[in-house]
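The structure appears below as C-alpha cells.
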Amino acid sequence: MATLTTSSKRPYHIIVFGATGFTGQFVVEEVARTCTEGPGGSLQWAVAGRNRDRLEKTLIQAADALCKPELKCVEVIVADVAEPESLAIMCKQGFIVLNCVGPYRFYGEPVVNACIENGAHCIDICGEPQFLEGIQLKYHSKAQENGVYIIGSCGFDSIPADMGILYTQNHFKGTLTAVESFLTINTGPEGGCAHDATWQSAIFGFADSAGLRNTRKKFGHKPLPAVGARIKKRGAVFFTEEIEQYAIPFMGSDPSVVRRTQRYMHEEHKHCPVQYMAYVGIGGPFSVVKTLFAGLLFWFMVKFSFGRGLLTQFPEFFSFGWFSKSGPSRKQMDGTSFCLRFMGEGYTTGQDPSLGKPNATINTEITGPEPGYIATPITMVQAAITLLNESHCLPNKGGVFTPGSAFARTTLIERLNKHGVQFSLKSGQ
C-alpha cells in the first residue's frame, strides 16, 4: 500500500469527484470543515468533474457558505467518466477519490477501475446493491493485488446501519444473534424531500432485480449459519410500539451491506453472524394508504421502459413529493433529522445459543442530522479521514469492502460522534 504522505507526484490526500453534483457540493463543504483532521493536522485536497467553470463556481459557493475565501484557491481537476485517460490522470494525483457521481450502475465502474489501476483508494456513497456486489465480485482480487481499498456505501446508506450493528455487538456481553432496526425521519415545518438522483437509482435497481440475483449466484456463498432462535420477519405493513407508528421493510441497501459485513467477520475472524431485519417508519394510517398506493404504482411502472421514463421525468408527482429534481432546500435540511434504533437479542456469556430462547436484550440508537445531504457528507468524509489516519487498522491487504469490514477496528464511530452522528447505548447490557 502506498504511503499517505503527499508528494509532487501525488499531491492530494482527497479528491472530490463529482463536486458539482447535488450531493457533491455538500461533500466539498464538509471536506473544507475538516481540513485540520488530515495527517499531521492538515489536508491537501482538490475537486474534480467534467466542467471547470462549474467546479470553480462550486468552490465560490462553498467559500461564501462557510466564510472561507481560501476555498476559491482549491485545485480543480477536469475528469470525465467517459474519458478513461482523464480519470487516470485524476487518480494518479490523489490518495483517496471520493466518488459522488451516480447512479453508480451507469457511472461507477470506470472510476473504480481507474482507482485500482492508478493506486488511489476509492470511497463512494452508493446505495445500489447490484453495483456494490458486482464490483466486489469483479474487482476484489485486483484491488488486493494493488493494495487499493474500494469501500462502498459510505453515506447514510449504509454506515449507520453497518457500523451500528458492530457497535451493538461490541456492547453486548455474550453472543448477539439477532437485530431489528427501525428508522425514523423527522422533518421541520418546511417539510423535506430527497434529490431525484436517489429516485433514479431506485428505479433502475428495482427494474433489474434479476441481475442482482444472478450476481449473488456467481459468488457461490453458502448460507450463513443462523445461531440461536431464528429472527421472525414482520409483515409488509405493521404498527410497532418500538417507534409508535406504522412501519414497512426498509428497501435500501442496508440489509445487503450488513449481510456482507457479517459474512466477512464470520469467515475472516470467526465472529458469530448476526441475523438482521431493517424497517422504516412511515407514520399514521393516512401515510400507510399513501405509501401503499405509491409503492404499487412504482412496482407496476418500473417493469416497463415507458413507465421508467415517466418515473424518471416526473419524480415529484409519482413519489408524492418525497423526491424532486431540485432536491431539498437548506431550510428543509436544517429542520430534518434521523433516528435509527437497534433492538437486539442474544445469549449471555456462558449461555449455549443452541439451548433455549435468547435470555438477554440490548437497545442502541444512532441519531443525526438530515440523512441525505448533511449526514452523508459527514460519514463519507470521516470514512476518508479514518482511512488517511488509520490505514494500519484496516484489513492487511486492499480489496473491495463494506464500511463495517473495513473500519471495524478503527475509531470511525468516535469520529462520527464528534461530528454529530451520535451512537449511544439506550438499554440492556
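Annotations
- If you sort the three axes of the alpha carbon gyration tensor as a ≥ b ≥ c, you get a/c of 1.5 or more for segment 219-272 and a/b above b/c, which makes it prolate.
- Annotation: lysines with alpha-carbon distance below 27 angstrom to K222 (same-chain offsets under eight excluded): K138, K142, K232, K233, K270, K357, K397.
- When K173, K232 are compared by accessible area of protein heavy atoms, the largest-first order is K232, K173, using a 1.4 Å probe.
- The chain - accessible surface per residue (Å², probe 1.4 Å): 45 Å²
- Label point at H221 placed 7 Å out along Cα→Cβ; residues across segment 241-273 whose backbone nitrogen lies under 13 Å: 254-268, 273
- Charge dipole of the chain about the Cα centre (unit charges at C-beta), most positive-ward option of T215, T184, A120: T215
- Computed [θ] at 222 nm, deg cm²/dmol, the chain (DSSP H ≥ 4; -39,500 (n - 2.57); rounded to nearest 500): -12500 deg cm²/dmol
- Segment K9-F106, extension gain: residue separation times 0.36 nm, minus the distance between their alpha carbons: 31.9 nm
- Between R50 and L310, full extension at 0.36 nm per residue minus the direct alpha carbon distance yields a gain of 90.9 nm.
- Inter-probe distance in nm under a simple model that places probes 7 Å from Cα toward Cβ, at S42 and A236: 5.9 nm
- In the context of the full protein assembly, K303 retains an accessible surface of approximately 130 Å², using a probe radius of 1.4 Å and ignoring ligands and nucleic acids.
- Computed over neighbours whose Cβ is under 13 Å from that of F26, the net charge equals -2, Lys and Arg +1, Asp and Glu -1.
- Unit Cα scatterers, Debye sum, segment 13-133: log10 I(q)/I(0) for q = 0.14, 0.15, 0.21 Å⁻¹: -0.54, -0.62, -1.18
- Carbon + sulfur, % of accessible area of segment 188-242 - ligands and nucleic acids excluded, 1.4 Å: 54 percent
- Accessible heavy-atom area order of W299, W199, highest first, probe of 1.4 Å: W299, W199
- Cα-based Kirkwood hydrodynamic radius, the chain, one decimal, Å: 22.2 Å
- Accessible carbon and sulfur surface of segment 258-348 relative to its total accessible area, %, 1.4 Å: 65 percent
- Highest to lowest packing among 121-131, 400-410, scored as the average C-beta count within 10 Å: 121-131, 400-410
The values are calculated or read from the model by the stated rules, or taken from the named source; none is laboratory data. Every value quoted in this text rests on a predicted model; they were computed, and no experiment measured them. Every residue, glycine among them, receives a Cβ derived from its backbone with ideal geometry; neighbour counts consider all protein chains shown. Just the protein is used for accessible areas: all its heavy atoms, side chains included, with ligands, DNA and RNA removed. Shrake-Rupley method; radii C 1.70, N 1.55, O 1.52, S 1.80 Å.
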